[in-house]
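One structure is given below, encoded as C-alpha cells.
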C-alpha cells in the first residue's frame, strides 16, 4: 500500500467500525438465543474489536465515546468471568472433587449472563451506534488527511510504548506484572489488527500476535485456577493440584521470558510499519 493509499484508507475507518458493530449485534443475538461457550467467545471478541475501533476514532477525532465503551466493558466483564470458570473447569476436569463447586458457580454465572444479555437494550444501543457512525463518517470526511494520519500514528505509538514498558517490568516472581502485560498486549493487538491493511500486516503477523496473546492468556488462566484452589487448601488433592499447576506455570513463564527478546524484535518491526 502506497503512502497515498494509506492515507485514503484511514478515511474508511468508520466503515471498519460499522462492520465491527454489525458483527457485535449478530454475535449478541446469537449469544442471547444460545449462550454456549462458543457464542460467548465470539461475542467477547466482537466487543473488543468494536471497543478498540471506537477508542482509535475517539483519539483521532478528539471525541468522547466513553458512555458506549463503558457499557461494552461492563458486558465484557460478566462474560469474562463465565469464560474463566469454564477454563478452570477444563484445567481441573480430572479432579472430580472440584466439579460440584465449579458447576454450581458456572450455573450461577450462566444465569447471570442470560439476565445481563436480556437487560442489555440492543435497540437503544443500535440507535446510539447509528448516531455515532453518522458522526464518524462526517467527521472523517471533514478532517484533514494529514491530521488523521498524525493522530493515528500517535495512538499506535502510544500502544507500542505502553507494551514495551509493561514487558520491561515483567518479573518472574510477580504474577501481577504478567497480568498487566497481558492487558497491554490485548490493546496493542486489537489496535494493530483494526488497522491491519493500513499497516500491511501479513497473515503470519496476525497469527504471531494471536500466539503471543494465547501464551500470556495461558499463564493468566493457570493463575486464576490456582487462586480458585486456595478455597480448597485443606484438601490434599488441592495441594497436589496446586503444586503441579505451579510447576506448569513457572515453566510457561520461563518459556515466555526466553522468547520475549525475539518478540520485542517483532514489535519493533510493527512500529516501523507505523512510521513508514
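Condition check: at pLDDT 90 or above, crowded, with 18+ Cβ neighbours inside 10 Å and either touching a helix residue (DSSP H, G or I) at 6+ places or on another chain (Cβ under 6 Å) or assigned to a helix (DSSP H, G or I) (or both). Does residue 257 satisfy that? Answer is no for this residue. Every listed requirement among (1) closer than 20 Å to residue 67 by Cβ; (2) outside any helix (DSSP H, G or I) is met by residue 199 save one, (1).
In the condition set (1) in contact (Cβ under 8 Å) with a residue 40 or more places away in the chain; (2) in contact with a helix residue (DSSP H, G or I) (Cβ under 8 Å, 6 or more places away or on another chain); (3) assigned to a helix (DSSP H, G or I), residue 213 is compliant with all but (1). When the range 167-183 is limited to residues that are within 16 Å of the chain's Cα centre (by Cα) and surrounded by fewer than 20 Cβ atoms within 10 Å (Cβ to Cβ), the one that is farthest from residue 9 (Cα to Cα) turns out to be 179.
The condition of being over 23 Å from residue 73 (Cα atoms) and touching a helix residue (DSSP H, G or I) at 6+ places or on another chain (Cβ under 7 Å) does not hold for residue 239.
Could you go through the range 118-126 and let me know if any residue there is under 28 Å from residue 198 (Cα atoms), at pLDDT 90 or above and surrounded by fewer than 18 Cβ atoms within 10 Å (Cβ to Cβ).
So in the range 118-126, the residues under 28 Å from residue 198 (Cα atoms) come out as 126.
Still in the list and also at pLDDT 90 or above: 126.
This time we only want the ones that are surrounded by fewer than 18 Cβ atoms within 10 Å (Cβ to Cβ), so: 126.
Within the range 118-126 (the criterion being under 28 Å from residue 198 (Cα atoms), at pLDDT 90 or above and surrounded by fewer than 18 Cβ atoms within 10 Å (Cβ to Cβ)), the answer is yes, since at least one residue qualifies.
Looking across the range 56-72, the residues that are touching a helix residue (DSSP H, G or I) at 6+ places or on another chain (Cβ under 7 Å) and assigned to a helix (DSSP H, G or I) come down to 56, 57, 59, 60, 61, 68, 69, 72. Screening residue 156 on (1) within 22 Å of residue 217 (Cβ to Cβ); (2) out of contact with any strand residue (DSSP E or B) (no Cβ under 8 Å at 6 or more places or on another chain); (3) surrounded by 13 or more Cβ atoms within 10 Å (Cβ to Cβ); (4) modelled with pLDDT of 90 or more shows it passes everything except condition (1). Here the condition is being without any contact (Cβ under 8 Å) to a residue 12 or more places away in the chain, surrounded by fewer than 18 Cβ atoms within 10 Å (Cβ to Cβ) and within 30 Å of residue 241 (Cα to Cα); of 107, 138, 103, 142, it holds for 107 alone.
Does the range 234-251 contain any residue that is over 19 Å from the mean Cα position of the chain (by Cα), not assigned by TED's automatic domain parsing to the domain that holds residue 23 and not in a helix (DSSP H, G or I)? Yes; the residues of the range 234-251 include at least one that is over 19 Å from the mean Cα position of the chain (by Cα), not assigned by TED's automatic domain parsing to the domain that holds residue 23 and not in a helix (DSSP H, G or I). When 13, 59, 97 are checked against the criterion of being at pLDDT below 90 and under 19 Å from residue 183 (Cβ atoms), a single residue qualifies: 59. Which ones in the range 159-187 are free of Cβ contacts under 8 Å to residues at least 60 places away in the same chain and within 23 Å of residue 205 (Cβ to Cβ)? Matches in the range 159-187: 159, 161, 162, 165, 166, 168, 181, 182, 183, 184, 185. Scanning the range 23-58 for residues that are free of Cβ contacts under 8 Å to residues at least 24 places away in the same chain and more than 25 Å from residue 151 (Cβ to Cβ) gives 26, 27, 30, 33, 34, 36, 38, 39, 42, 45.
The values are calculated or read from the model by the stated rules, or taken from the named source; none is laboratory data. Because the structure is a prediction, the values reported are computed rather than measured. Here the Cβ is made from the backbone with ideal geometry for all residues, glycine too, and neighbour counts use every protein chain on show.
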